[in-house]
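Presented below is the structure to which this report refers.
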Amino acid sequence: LSNICVIIGNNIFSGFFVDRWIEYFSGGGVYSAQQSSTAPAGFSNSSVLTVTTADSSIAAGDYYMIRHNIEGYNVADLGWGTANASTVTLSFWVRSSVTGTYGGSLTNSAETRSYPFTYSISTANTWEQKSITIAGDTSGTWLVTNGRGIGINFGLGMGSTYSGTAGSWASTVYLSATGATNWISTNGATFYITGVQLEKGSTATSFDYRPYGTELALCQRYYETNKNDPNGYWYSIRNDGIARGLLQFIVEKRAAPTVTLTNQVNATWALGSSLGTGRFEYRDWE
C-alpha cells in the first residue's frame, strides 16, 4: 500500500483513490481531496482532504470515511475466521489541523465482523507515525479469493450507528470508534495520510518500498489504459464486412473488467463479449 492521492465528491460512494482507496460519505458535510507533495521524510506524496462544508451535527446513520479493500488472496495466510488467526499491525503516517482521538476499523466483506480502533493526533499540522496491533479474528467469514478480504477504514466523522467500542471484535459493522473526533465538523480542516501498511505480526516494520515496475504491474491488475498500441491488439475483417478485434491486457485483471472505448477515429467501435480477465473483444459496425 503505497503513497495515496485522492479525488473529489460528495455522495455515498464518491470514487477510487490511487491505490484503490475509496471515499464514502453520507450527510450534509462536504470535503475535497487531492494529491499533495507535503509528506514526511522518505515519502514523495500524500493525500490531503479539506472540509469545504462542515457537518457539526452528524446524524446517527451518517458517516464520513475513506477505505481500502485488500484482496482476499493477499490475506489468505492470516487464517482469519479460524482458531489460528494471526495478529496484524496497521501502521501509517498522519497529519491534521484538528487534534484529538481519531477512529477507524477493520471489516470483513459481509460487514458482519469489525474491529474499531483509535489513534491520537497530538500536535496540529505535524506528521506523526501511528502503529496499531490487532489480534486476528477467530470468528466470522473472511474471503480468501479475489473479493474483499479485509477493509481498512479511517473515520473522519461518524454517527453512533457505525461507532463501536475500540479494541475488540464485534459481530456488526462499525466503521469507527465511539467518541472519536468528528473532523468533518470543522470548516477548513485538513487531514493528510500516507505510508499505510498492514502486515502480519505484532511489530510495525519499515515501509515496503517496491520497485516501480513491480508496483505498476500490481496496479494494472485493477486498471490499465491502452492507447491503441499496435502490439496490444489485433483485428480482422469478416465476410460480412464487420471488423472484429481483440485486445490483450497488459496484466490479467482481478475480475472480468468494465471497458470503455474513447477517441474513436474513422469507425464506430462497439464492445463485444467479455473474454475473461485477460482480454476483451470489440467490433467495428461501419
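The values are calculated or read from the model by the stated rules, or taken from the named source; none is laboratory data. Computed from a prediction, not measured in an experiment: that's the story for all the values here. With ideal geometry, Cβ positions are generated from the backbone for all residues, glycine too; neighbour counts draw on all protein chains shown. Side chains are part of the model used for accessible areas, which takes the heavy atoms of the whole protein and leaves out ligands, DNA and RNA. Shrake-Rupley method; radii C 1.70, N 1.55, O 1.52, S 1.80 Å.
Quick check on my filter: what residues within region 132-146 are out of contact with any helix residue (DSSP H, G or I) (no Cβ under 7 Å at 6 or more places or on another chain) and loosely packed, with under 14 Cβ neighbours inside 10 Å? Listed by number, the residues that qualify are 138, 141. Looking at region 138-145, can you tell me whether even one residue there is farther than 17 Å from residue 63 by Cβ and at pLDDT below 95? Yes, region 138-145 contains a residue that is farther than 17 Å from residue 63 by Cβ and at pLDDT below 95. Would you check if there is a residue in region 164-181 being under 14 Å from residue 55 (Cα atoms), in a strand (DSSP E or B), open to solvent by less than 30 Å² (accessible area, probe 1.4 Å) and touching a strand residue (DSSP E or B) at 6+ places or on another chain (Cβ under 9 Å)? Within region 164-181 (the criterion being under 14 Å from residue 55 (Cα atoms), in a strand (DSSP E or B), open to solvent by less than 30 Å² (accessible area, probe 1.4 Å) and touching a strand residue (DSSP E or B) at 6+ places or on another chain (Cβ under 9 Å)), the answer is no, since none of the residues qualifies.
Just so you know, in region 239-259 the residues that are open to solvent by 50 Å² or more (accessible area, probe 1.4 Å) and either part of a loop (DSSP other than H, G, I, E, B) or modelled with pLDDT of 75 or more (or both) include one that is nearest to residue 90 (Cα to Cα), and it is 254. Evaluating residue 30 against the criteria (1) crowded, with 17+ Cβ neighbours inside 10 Å; (2) over 29 Å from residue 216 (Cα atoms); (3) at pLDDT 95 or above; (4) not hydroxyl-bearing (Ser, Thr, Tyr) leaves one unmet condition, (3). Reported count of residues in region 187-225, each being outside any loop (DSSP other than H, G, I, E, B) and surrounded by 11 or more Cβ atoms within 10 Å (Cβ to Cβ), is 17. Filtered by the rule that a residue be loosely packed, with under 10 Cβ neighbours inside 10 Å and at pLDDT 55 or above, region 226-238 gives a lone residue, 227. Among the residues of region 53-78, those that are of a type outside the set (Asp, Glu), assigned to a strand (DSSP E or B) and surrounded by 14 or more Cβ atoms within 10 Å (Cβ to Cβ) comprise 63, 64, 65, 66, 67, 68, 69, 70.
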